[in-house]
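Report on the following structure.
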Amino acid sequence: MIIPASSLLGLFDLLGDKLPDLIASAIFIFASMAFFTIFGQRIQLWMILRQVRTSVDKLKRMRDKGRSMALEALEELSSGEGLAEKVDRFLEHFVIEPESMDPAGVVWKLERILDVRKQKFLDEVRRMAPEASEAEVRNLEGLLEAALALNTLYKLVRHYYLLGKRTASFYIVVQLQMLMPLIMKNARAYADALMAFRHGQPIGDGVGALVAAKLMHGHPYERLVEETIVARVELDGREAYVVKAEGPGAMVGKPGEAVKKLLEELGDAVKAVVFVDATTKLEGERTGEVIDGVGVAIGGPGVEKFKVEELSLKHKVPFYAVLVKEGLSDAISPLRKELVRAADVAIERIRSLLAEVTQEGDKVIIVGVGNTMGIGQ
């Protein structure tokens, strides 16, 4: 189609003085598109790096707070020199997992490494705070572990931040930005845990131990295995062996080893084993909700859980679980009133469960799993 020259001249006459402005606008639009095409990703990278840098600074403040709080707690119980250097060395501690290329026996290797780690940490604390009682040593060790976790988070995030900044890798920085809300949520949980361990307050993870303590309160108990006690309690006509870590220091004990020993002693007389523990809730679920389950409810690296599951084939005893829902921040921060009330609900749920699956006169084992800091017997 050919446009007559007269029509073009008429169009120019119609636009008149507006033509230069239209040309300038078109040039500006095309220049802007070219600019953002070439430099847009770099601008976005710069903005994301600023956001991530803010989170890195917050993590550093949390890390420093954990270090200073641990140092203050140790100084109250020690007159030694060089505490700051010892704390810094503790915060850089790491564990090398056992070789799993050949999985046979890897659980026992892992247990040995974890036992050595725990003993080393406790010995370090005893040397730094020679005037501390055994319960205080356990709480200080928990405080230092929370500070260690914050230090690890900070260093890991800083590593990827600097790596993304140095290489100008958009994809490294974007992935870090997407993960930052979850990382900061975990960091705030560990920061809340600092105060709990500093003052030896019960934490949310101890709700299972709280249930066991309520059941065994006023009854004689004895140490069954390392850091773990048992009390024989009459519960609705059943002979219940209630197991928990020995408080009130920050201990989790060896619940799997305790159940293993009881099953080897009592044999087929045990008609049910009930585990009471905290479980992670999903977003939107209520903190303190009590639910039932089947299986061995022992968290952690899996060593204690493995010990009990090994016996399930031999003794054919059923394993049940009563779980209390809570978030990560609830688990390692001071015990909330919702979880205290949930402990009483869990006891009633245990009674109902035993009435359904056992008869009067039967022997049962009830295991309160979790950190028993601030929770006695």
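Quick notes on this one:
- Altogether, the Stokes-Einstein calculation at 37 °C and 0.692 mPa s, with the Kirkwood radius of the chain over Cα pairs as Rh, returns a diffusion coefficient of 134 µm²/s.
- Loop-located chymotrypsin sites (Phe, Trp or Tyr not before Pro) in segment 305-335 (DSSP state not H, G, I, E or B) with no more than 15 neighbouring Cβ atoms inside 10 Å do not occur.
- Angle between the chain longest axis and helix 170-199 axis [Cα atoms, degrees, rounded to 10]: 40
- Loop sites in segment 115-210: GluC sites (Glu not before Pro), DSSP, at most 16 other Cβ within 10 Å: Glu131
- Across the alpha-carbon set of segment 87-172, the Rg to Rh ratio works out to 1.13, Rh being the Kirkwood radius.
- Over every Cα atom in segment 204-368, the radius of gyration and the widest Cα-Cα span, Dmax, amount to 14.7, 44 Å.
- Under the convention that each Lys and Arg Cβ holds +1 and each Asp and Glu Cβ holds -1, the size of the dipole of segment 107-159 around its Cα centre is about 360 debye.
- Accessible surface of segment 204-368, 1.4 Å probe, proportion on carbon and sulfur as whole %: 49
- Estimated FRET transfer efficiency when R0 is 41 angstrom, pair Glu75-Glu226 (beta carbons, to 0.05): 0.85
- According to the Cα-based calculation, Rg over Rh for segment 94-250 is 1.08, with Rh computed by the Kirkwood formula.
The values are calculated or read from the model by the stated rules, or taken from the named source; none is laboratory data. None of the values given here were measured: they were computed from a predicted structure. For neighbour counting, all protein chains shown are included, and Cβ atoms are generated from backbone atoms with ideal geometry for every residue, glycine included. Only protein heavy atoms, including side chains, enter the accessible area calculation; ligands, DNA and RNA are left aside. Shrake-Rupley method; radii C 1.70, N 1.55, O 1.52, S 1.80 Å.
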